Structure formats: C-alpha cells, structure tokens
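Peer 1: After the structure tokens below, expect a handful of questions from me.
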Amino acid sequence: MTSVATAISLVTRAEAEAAAGTCSADLAKGPWEFDAAEALRGMPAYGPGASVADRAPASTPRQGQLPEEYKQASDDELHARITAAKEKLGDRVVVLGHFYQRDEVVEHADFVGDSFQLANAALTRPEAEAIVFCGVHFMAETADILSRRDQAVILPNLAAGCSMADMADIDSVEQAWAQLEELFGTEPDAEGRVPVIPVTYMNSSAALKGFCGEHGGIVCTSSNAATVLEWAFERGQRVLFFPDQHLGRNTAKAMGVPLEQMPMWSPRKPLGGNDAATLRDSRVILWHGFCSVHKRFTVAQIEKARTEYPGVRVIVHPECPMEVVDAADEHGSTDYIRKAIAAATEPTVFAIGTEVNLVNRLAAEYPQHTVFCLDPVICPCSTMYRIHPGYLAWVLEGLVDGEVRNRIEVPADVASTARVALERMLAARP
Ligand code: 13P
Ligand code: SF4
C-alpha cells in the first residue's frame, strides 16, 4: 500500500481524479510553505489537514524557515541523510514516532507507539543525549518532564502542535476554576470528597498538567480514562475534564453517568454558559474542546460500511462524537485499535475511525484482513503532518554538528507539578 504522503501527491494531481480525494490539495506542498505563509500573515495556523479551520492561538509556536537544501532534497536523498545521521549518532540519539506520523518518518523511528508509550520509551534510553520526538508539542513536553534534565527533547517542527490541546489554555482554566471555587467553596463533604477534581487529557499543555498536579488532579490518556475517572470520583464530588469533551463524555457515559449530569463548559461565558443549579448537580463538567480529525467520523459512514461489508467490525477512537462511538462495535485508544487487529485470528473486515496514517499502516501490516478508514477522504492530522522528513534530517544533522535545534524545555516549576499529576496517573493504573 502507498503511504498517505504518496497517495496525497497522487490524488492531488489531475490524473487521479477517480481516487477518493484529499481534504486539501495544499497537502501536496512541503510544510515549509505554510511556515513561510504564516510568517507573511503574522498569524500562526495549523496548515492543511483535518484541523485547518481551527483557530490557532497567538501563542502557538512557529517554525523558522527550513534551509533550502532540505526543501529541495528528494525523498530518497532525505532518507539517506537521515539514515546516515542516525548511524553517526548511534546511541546518542533516540527517535520516537507517533502512530499518526507519515510512513516516511516512522521508518526511522526506534520506537513507534501512542503518546504514553512513547513517553515511557524515552525513559528506556537514559544514555541518549537527545530524544527526537516525531509527534506533537504536548508529547515532546511530556517526554521532557519525564526524562532526565540533561536529555534534550527535540520536536523537528515547532509548529507541530495539537489543535485540541490548544482549545484549553491555562488562563481560561484558571478562570473556570476560580468561578467553580466561588460556587462550591473548597471544603470536602462528609465523605472527604472535595467539590471538584481537575482531570486533563494527555493532549494538553504542560501548564495544564501542572495545574492538575497543584489542585489535587490527575492526567489521563485515552487508554486509562475510566480508571482515572474512578480515581477522581473517589476523591471528588465532580470532575472538571479538559480539553476533550468527547473522551470525557464517552468515558463517563460508559461508567453510568447520565448525560444531564455532564454539562459543557464554554470558556469566555460566565459559569461556562451554565446556571448554578446545573453545575451543582453535575458529575463531570466537560470542556468545550474536540479533535478535528475524529470529528470527521459520522454515523452515516458506519451505516455505509455495514451495508457494504456485512459483518464488518467497526472500531473508533473515543475522541469521536458520542453518536459515532455508540454506533461502533468497539472503541479504544490507538494502541487498542492496533492490538484488536493484531489479535484477530480469522480474516476480518475492519472499519476504523482514527487518523488515516495509522489506518493505512495497519492495512499494510495485516494483509490477511481488510482494514480501511471510515472516512473515505485522505485527511491527515494537520499538525502531525507538519513533521516532514526534511525537518527530521535537519535536526539530526544539527546533532551530528553538535547543535541542538528545536529543543522543547518545560520550565522546572511547571515540570515539577506536572510530574505530580502524571505520577498520580501511573499509580492509578489498574
Ligand atoms: P494516543 O494517546 O492514543 O497516542 O492519541 C493521541 C492523539 O492525539 C489522538 O488523537
Ligand atoms: Fe491533536 Fe487530534 Fe491531531 Fe491527535 S489527531 S494530535 S488530538 S489534532
């Protein structure tokens, strides 16, 4: 099977009109073209891909211009340069690749996994001076928090953020918290449960993880969200869950929390757009955040798959909207999806609701099964897609020359409280 990047360059050419199509013809360009366009506009943006229409906050990191030699290099040349740089660096560097990265990057990764597995993978290489994280900003921050202070965590393209993580910023969460404290006070009830426990999804800034660490809260991932919510309900009367409303709603609903007790918190509105009585009765207050990749999946796509492939197994990521999760056969994290396909002993048709790079890779890895993406349009995560092999070659050759480029460093005070919230999550693991 051709990689997503190759398929995009094919379908954006006129001769491939019969193909399913891509969400933007701009995807065929090098991501450096968006870095340049951003510099001209003076405003950060996510670039083409699933979150192109989301508004990037002014504070979103931007990537400076990639030197011309990397922009001009062919795919084969970049492959050879990355391979040579890695060989020269040996154990001094470890390259981590998220499941959603393009194949041309994943093939150079020493570890491939979900965000949590990759943060742990970094710990298994204490001898490495540099951890090159081919993923998005919050993942590199987490690796920095968990790794030794003298290990440099590098994000090959600084503009590889996460539009969902950017939907909750520390100022808005602090404002929400102040309003909730005013409404509920801070005293625990007769069972010792405090009024609110903050829970942040791993897809969030280090500052929000630090906020949770400081306020008796915790971090969760898509694979342990139910365990983490149980932990929080033991200690609190309700949870403030950010930034992903869908993961929060899908997880709490499966645990039996009624939808009426899950109001949405819209930042910028007083009491998040709720009345005091609704908030008093709430169990989970859901932040108004979402992932634009997983928002693309619909019940109609699932119905179509069931009509075309009777007996199809539909598995979606819990960042999908509730109706989609309800209509699917199963839902789970990226690693759950991968393991479910790997474990199937009989040839099976799988319709998958998650990022297209992972789905296509699974299809290629398990040819005994039919694996396809529920969304027929090739529309990758805009920000994951900004890690192009050109940037990987640039940071690795920098290391060969003794220069650390694009280091992600979480300030020590934020890192220490964020570590508390991450450690609570590790301890809460079943
Ligand atoms: P994982 O935590 O499964 O790696 O997912 C991260 C992500 O961004 C999902 O959209
Ligand atoms: Fe963020 Fe969604 Fe991309 Fe994951 S897929 S990194 S949640 S924008």
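The values are calculated or read from the model by the stated rules, or taken from the named source; none is laboratory data. Small disclaimer: the values here were computed from a predicted structure and weren't measured. We place every Cβ from the backbone using ideal geometry, glycine too, and count neighbours over all the protein chains shown.
Peer 1: Do we have residue 304 as assigned to a helix (DSSP H, G or I) and more than 16 Å from ligand 1 (Cβ to nearest atom) here?
Peer 2: Answer is yes for this residue.
Peer 1: Given the criteria away from ligand 2 (no atom under 15 Å from the Cβ) and buried (at least 20 other Cβ atoms within 10 Å of the Cβ), does residue 144 qualify?
Peer 2: Yes: the conditions hold for residue 144.
Peer 1: Going through segment 169-210 one residue at a time, which ones are within 16 Å of ligand 1 (Cβ to nearest atom) and in contact with a His (Cβ under 9 Å, 6 or more places away or on another chain)?
Peer 2: 205
Peer 1: Kindly provide the set of residues from segment 371-390 that are part of a strand (DSSP E or B) and under 11 Å from residue 23 (Cα atoms), ordered by number.
Peer 2: Correct list: 378 only.
Peer 1: Considering every residue within segment 169-185, establish whether at least one is outside the structural domain of residue 114 (by TED's automatic domain parsing), away from ligand 2 (no atom under 16 Å from the Cβ) and not in a helix (DSSP H, G or I).
Peer 2: yes
Peer 1: Considering only residues of segment 355-412 that are touching a strand residue (DSSP E or B) at 6+ places or on another chain (Cβ under 6 Å) and among the polar types (S, T, N, Q), which is nearest to ligand 2 (Cβ to nearest atom)?
Peer 2: Top of the filtered list is 406.
Peer 1: Taking residue 34 and the conditions (1) surrounded by 18 or more Cβ atoms within 10 Å (Cβ to Cβ); (2) within 14 Å of residue 159 (Cβ to Cβ); (3) more than 16 Å from ligand 2 (Cβ to nearest atom), which numbered condition does it fall short on, given that it satisfies the others?
Peer 2: It fails just one condition, (3).
Peer 1: Residue check: is residue 256 assigned to a helix (DSSP H, G or I) and not assigned by TED's automatic domain parsing to the domain that holds residue 334? First the steps, then the outcome.
Peer 2: Details: assigned to a helix (DSSP H, G or I): no; not assigned by TED's automatic domain parsing to the domain that holds residue 334: yes.
It is false that residue 256 is assigned to a helix (DSSP H, G or I) and not assigned by TED's automatic domain parsing to the domain that holds residue 334.
Peer 1: If only one of 111, 116 is within 16 Å of ligand 2 (Cβ to nearest atom) and under 29 Å from residue 374 (Cα atoms), which one is it? Quick ask: steps written out before the conclusion?
Peer 2: Details: 111 fails: within 16 Å of ligand 2 (Cβ to nearest atom).
116 is the lone residue from the list that is within 16 Å of ligand 2 (Cβ to nearest atom) and under 29 Å from residue 374 (Cα atoms).
Peer 1: How many residues are closer than 21 Å to residue 206 by Cβ, more than 11 Å from ligand 1 (Cβ to nearest atom) and of a type in the set (S, T, N, Q) if we restrict to segment 79-135?
Peer 2: The number of residues fulfilling the criteria is 1.
Peer 1: With (1) in a strand (DSSP E or B); (2) closer than 14 Å to residue 425 by Cβ as the list, and residue 226 as the residue in question, which single condition is left unmet?
Peer 2: (1)
Peer 1: Another question about this same structure. Mind checking which residues of segment 327-343 are away from ligand 2 (no atom under 16 Å from the Cβ) and surrounded by 15 or more Cβ atoms within 10 Å (Cβ to Cβ)?
Peer 2: Hits for segment 327-343 are 327, 328, 340, 341.
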